[in-house]
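Have a look at the structure below, then the notes.
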Amino acid sequence: MAEKKTVEKSAKKDDRVLRIGVLGAGGRGGLASNVLQEGSGAVITALCDIRPEAFESPAWKSLKNDKSIFRTDDYKKVLARKDVDAVFVTVPDYLHEEFAVAALKAGKTVYLEKPMAITIEGCDRILRTAMETGSRLFVGHNMRHMDYIIRMKELIDSGIIGELQTVWCRHFISYGGDAYFKDWHSEAKNTTGLLLQKGAHDIDVIHWLSGGYTKRVVGMGRLSVYNRCKNRRKASERGIVTWSESNWPPLELKGISPVIDVEDESTVMMQLDNGVLANYMQCHYTPDHCRNYTFIGDKGRIENYGDGYGRRIDVYTTRGGFGMPDQSFYLRDVAGGHGGADPDIVAAFVRFAKNGESIPSNSPIAARNSVATGVLGTYSIRNGNMPQEIPPPAEDLVEYFNNGQKPVRKTASKKSPAKKTDEVKASAATGKKAVPAKS
Ligand SMILES: NC(=O)c1ccc[n+]([C@@H]2O[C@H](COP(=O)([O-])OP(=O)(O)OC[C@H]3O[C@@H](n4cnc5c(N)ncnc54)[C@H](O)[C@@H]3O)[C@@H](O)[C@H]2O)c1
């Protein structure tokens, strides 16, 4: 009740308050409820979801009786409203491109959840729409706001491990079967694949901490466990994501999707444009959960243990046995979703939208490059494990976004769309018809 009063009061008193519409109010849409905290500088004015029960989710409890909130199942009605300055796009991945392009065209500032889109062409279309409309774009890579990632970046940047040479990330996903093999995630038409869907985070972290982008990727992967699950939901039933410790072992999970055409295990090797080599391994049927990264330089290595509670980073800078680091950093538990990253990234978005502030962690170009690596890594997995070259985004887009989303004064256009062969490859991974990048 107290929160509701604050929202109404600030909406009337402060005309600089950011008015937010949430497109996809269920599930991850709850992220936007971080602005309901006092002093956030933002309010929720519209909620959109095709399922009315999404409006009743715990995230929106304090708005339950607030009749001033516009609720609809049609996102275009939210985009048409004058009392919406910015939108959170938190619908499933296959809708990101359509929703983000429409929102940017409608002049809204956009918070777009990761992955940016499910094709390279989709990402490039979003980037170009942002540049052509001048509407501002923020991509929700919340791992860039996680304390252990930030700490590892600081350590690498400090030079303590010398010049970075190689990166390995092992991603154990204990909730894989529950979260990704019961609903829309299990179908390639909705995600391209889980290497992209889930790994977009990690590929982005690898790029960010390494200071480079993947230029060549090779992948291997397979579907070997969830395809053998006997207890399937009907195609006509909505996939319900439920998690419990007793949902074990994976083969005994209930309500698994009738259609699964994505990998439950995948590995990619990446060669970055600055020479760094990286490996990312993802497995969806482990009993435990962790993203375990190691960054190895020519003077040492760092490694994190745990990415939830009990996070620790070990630093090795002298010769010695495994498990005997020179230094260890223990990170305190932080309140808020995803280890405090969620309230932090929402606050950053509000500053970005209200003050035009440049947020160092926000890079739509990097978001696009993590998708490109995920798409072509998936293509490699499904097409004989052949190496794939990653097409860079057009130069004019890179210049625009590197310039803080402001036009760069030039006489000649430097637009250089991806080569047709690359478009065909990227589309083959998704099974979608190739669509040339739109100008
Ligand atoms: N950054 C993170 O940590 C993080 C975590 C979870 C999910 N996500 C991202 O958030 C997005 C949503 O994932 P989720 O797990 O919440 O999925 P979900 O299916 O649980 O929720 C999506 C919501 O969108 C609604 N929706 C679907 N089609 C719609 C339409 N046409 N119009 C309006 N609403 C519609 C659904 O009814 C649902 O309430 C995905 O892109 C996912 O990658 C990010």
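A few remarks follow.
- Residue match in region 318-337 (condition: in contact (Cβ under 8 Å) with a residue 60 or more places away in the chain and out of contact with any helix residue (DSSP H, G or I) (no Cβ under 9 Å at 6 or more places or on another chain)): no
- Here residue 314 does not fit the description of being within 15 Å of residue 151 (Cα to Cα), away from the ligand (no atom under 16 Å from the Cβ), assigned to a loop (DSSP other than H, G, I, E, B) and without any contact (Cβ under 8 Å) to a residue 60 or more places away in the chain.
- Residue in region 164-177 that is more than 21 Å from the chain's Cα centre (by Cα), of a type in the set (A, V, I, L, M) and surrounded by fewer than 17 Cβ atoms within 10 Å (Cβ to Cβ) present: no
- Odd one out for residue 35, checked against (1) outside any helix (DSSP H, G or I); (2) surrounded by 20 or more Cβ atoms within 10 Å (Cβ to Cβ); (3) away from the ligand (no atom under 16 Å from the Cβ): (1)
- Single residue of region 46-70 satisfying the filter (outside any helix (DSSP H, G or I) and surrounded by 22 or more Cβ atoms within 10 Å (Cβ to Cβ)) that is farthest from the chain's Cα centre (by Cα): 46
- Residue list for region 54-94, filter: aliphatic (A, V, I, L, M) and within 10 Å of the ligand (Cβ to nearest atom): 54, 78, 89, 91
- Only residues that are in a helix (DSSP H, G or I) and within 16 Å of the ligand (Cβ to nearest atom) were counted across region 339-362, and they come to 9.
- Number of the exception - residue 317 against (1) at pLDDT 95 or above; (2) within 29 Å of residue 405 (Cβ to Cβ); (3) among the hydroxyl-bearing types (Ser, Thr, Tyr): (2)
- Restricted to region 91-161, the set of helices (runs of 4 or more DSSP H) holding at least 2 residues that are farther than 27 Å from residue 340 by Cα comprises 96-105, 120-133.
- Matching option when the condition is under 29 Å from residue 384 (Cα atoms) and not hydroxyl-bearing (Ser, Thr, Tyr), among 252, 265: 265
- Among residues that are within 16 Å of the ligand (Cβ to nearest atom) and on the phi > 0 side of the Ramachandran plot, residue 336 is included.
- Of residues in region 1-47 being modelled with pLDDT under 95 and touching a strand residue (DSSP E or B) at 6+ places or on another chain (Cβ under 7 Å), the one nearest to residue 65 (Cα to Cα): 7
- The lone exception for residue 90 - which of (1) polar (S, T, N, Q); (2) surrounded by fewer than 23 Cβ atoms within 10 Å (Cβ to Cβ); (3) at pLDDT 95 or above it fails: (2)
- Hits in region 177-197 (condition: part of a helix (DSSP H, G or I) and charged (D, E, K, R)): 178, 189
- Note on region 377-416: residues that are at pLDDT 95 or above, in contact with an Asp or Glu (Cβ under 9 Å, 6 or more places away or on another chain) and more than 23 Å from residue 362 (Cα to Cα) total 5.
- Filter result for residue 328 (within 22 Å of residue 392 (Cα to Cα) and not assigned by TED's automatic domain parsing to the domain that holds residue 135): no
- Single residue of 273, 342 found to be buried (at least 18 other Cβ atoms within 10 Å of the Cβ) and either modelled with pLDDT of 95 or more or under 30 Å from residue 384 (Cβ atoms) (or both): 342
- Residue check for residue 125: among the basic types (Lys, Arg), in contact with an Asp or Glu (Cβ under 9 Å, 6 or more places away or on another chain) and on the phi < 0 side of the Ramachandran plot: yes
- Residue 307 vs. criteria within 16 Å of the ligand (Cβ to nearest atom) and not aliphatic (A, V, I, L, M): yes
- Per the listing 134, 211, the residue uniquely on the phi > 0 side of the Ramachandran plot, touching a strand residue (DSSP E or B) at 6+ places or on another chain (Cβ under 8 Å) and not hydrophobic (A, V, I, L, M, F, W, C) is 211.
The values are calculated or read from the model by the stated rules, or taken from the named source; none is laboratory data. Everything numeric in this text was worked out from a predicted model, so none of it was measured. Cβ: placed from backbone, ideal geometry, glycine included. Neighbour counts: every protein chain shown.
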